[in-house]
Amino acid sequence: MSRNMEPLSVGRVVGDIVDGFIPSVKMSVIYNSNKQVANGHELMPSVVTAKPRVDIGGEDLRAAYTLIMTDPDAPSPSDPYLREHLHWIVADIPGTTDASFGKEIVSYEPPKPVIGIHRFAFILFKQRGRETVMPPASRDYFNTRRFAEENGLGSPVAAVYFNAQRPTAARRR
């Protein structure tokens with residue numbers, strides 16, 4: 001297993017959301033201009049209220065990518081019966097640019113975990129053509145594998161995830 005796949009396996013992103021794959025495109029996810037998403041690191045819900053900047057690598061501006069953000073732990077990690085909950089899909093992102101150049105087919109929904117520590121994963125797929133990705137019927141019970149298959153996306157080319165949990169309530173005196 002490649003070294004950059006290990007955190008995705010340990011965090012069960014590989015397994016719960018996608019099958020094993022070989023990363024082939026660089027992707028960076030940055031919230032609020034300065035909070036870079038790193039596998040397994042925690043971000044507070046207050047930091048992730050606005051959609052992040054997602055930079056896509058690759059060598060070809062003509063290549064198109066689809067970005068999916070999903071929560072496999074909804075509504076709680078111990079009973080994820082809504083697995084997965086979809087937070088965002090951007091399609092037709094040109095290679096070497098960022099997600100703002102793509103077409104948002106499911107609007108960004110900020111993470112708001114209620115119970116436990118949730119994983120929020122960004123999965124990037126290379127499209128076979130432009131304007132080939134259709135929005136899913138629902139955010140709940142989303143399945144990244146099935147969506148990729150239905151839209152001819154193949155295996156992921158990049159992925160990263162962060163953890164978030166509900167902020168602790170203020171203690172009363």
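In table form, for the structure just shown:
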{"quantity": "Accessible surface ranking that places the most exposed of E59, E131, E104 first, with a 1.4 angstrom probe", "calculated": "E59, E131, E104"}
{"quantity": "Computed log₁₀ I(q)/I(0) - Debye formula, equal Cα scatterers, no solvent, the chain, q 0.17 Å⁻¹", "calculated": "-1.03"}
{"quantity": "Mean Cα-pair separation over length for the range 1-85, i.e. relative contact order, pairs under 8 Å, 6 or more apart, %", "calculated": "22 percent"}
{"quantity": "Kirkwood Rh in Å, taken over all unlike Cα pairs in the range 109-173", "calculated": "14.5 Å"}
{"quantity": "Paired Rg and Dmax values of the range 23-120, which use every Cα atom, in angstrom", "calculated": "14.1, 42"}
{"quantity": "Solvent-accessible surface ranking, highest first, for H41, H85 at 1.4 angstrom", "calculated": "H41, H85"}
{"quantity": "Longest to shortest principal axis, alpha-carbon extents of the range 1-65, angstrom", "calculated": "33, 33, 18"}
{"quantity": "Partner lysines for K126 [C-alpha distance under 18 Å; skip if fewer than 8 residues away on the same chain]", "calculated": "K26, K103"}
{"quantity": "Taking the chain and dividing mean pair separation by its residue count, relative contact order in percent (alpha carbons under 8 Å, at least six apart)", "calculated": "27 percent"}
{"quantity": "For F120, net neighbour charge (Lys/Arg +1, Asp/Glu -1) across residues whose Cβ lies under 14 Å away", "calculated": "+2"}
{"quantity": "Inter-site label distance for D19 and K103 at 7 Å from Cα along Cβ, in nm", "calculated": "2.8 nm"}
{"quantity": "For the range 27-134, size of Cβ-based charge dipole, Lys and Arg +1, Asp and Glu -1, in debye", "calculated": "120 debye"}
{"quantity": "Selected from A99, A64, P110, residue furthest toward positive end of dipole (the range 53-117; charges at beta carbon)", "calculated": "P110"}
{"quantity": "Qualifying chymotrypsin sites (Phe, Trp or Tyr not before Pro) in the range 71-173, DSSP loop, other Cβ atoms within 10 Å at most 12", "calculated": "Y81"}
{"quantity": "Loop-resident sites, the range 1-65, for trypsin sites (Lys or Arg not before Pro), counting at most 15 other Cβ within 10 Å (DSSP)", "calculated": "R3, R12, K26, R62"}
{"quantity": "Computed helical MRE - 222 nm, the chain, DSSP H runs ≥ 4 contributing -39500 (n - 2.57), nearest 500", "calculated": "-2000 deg cm²/dmol"}
{"quantity": "Solvent exposure, largest accessible area first (probe 1.4 Å, DNA, RNA and ligands not counted), of M44, M27, M69", "calculated": "M44, M27, M69"}
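The values are calculated or read from the model by the stated rules, or taken from the named source; none is laboratory data. Please read all numbers here as calculations on a predicted model, not as lab measurements. FYI the Cβ positions are ideal-geometry reconstructions off the backbone, even for glycines, and counts take in every protein chain you see. Note: accessible area is taken over every heavy atom of the protein model, side chains too, but ligands, DNA and RNA are not part of it. Shrake-Rupley method; radii C 1.70, N 1.55, O 1.52, S 1.80 Å.
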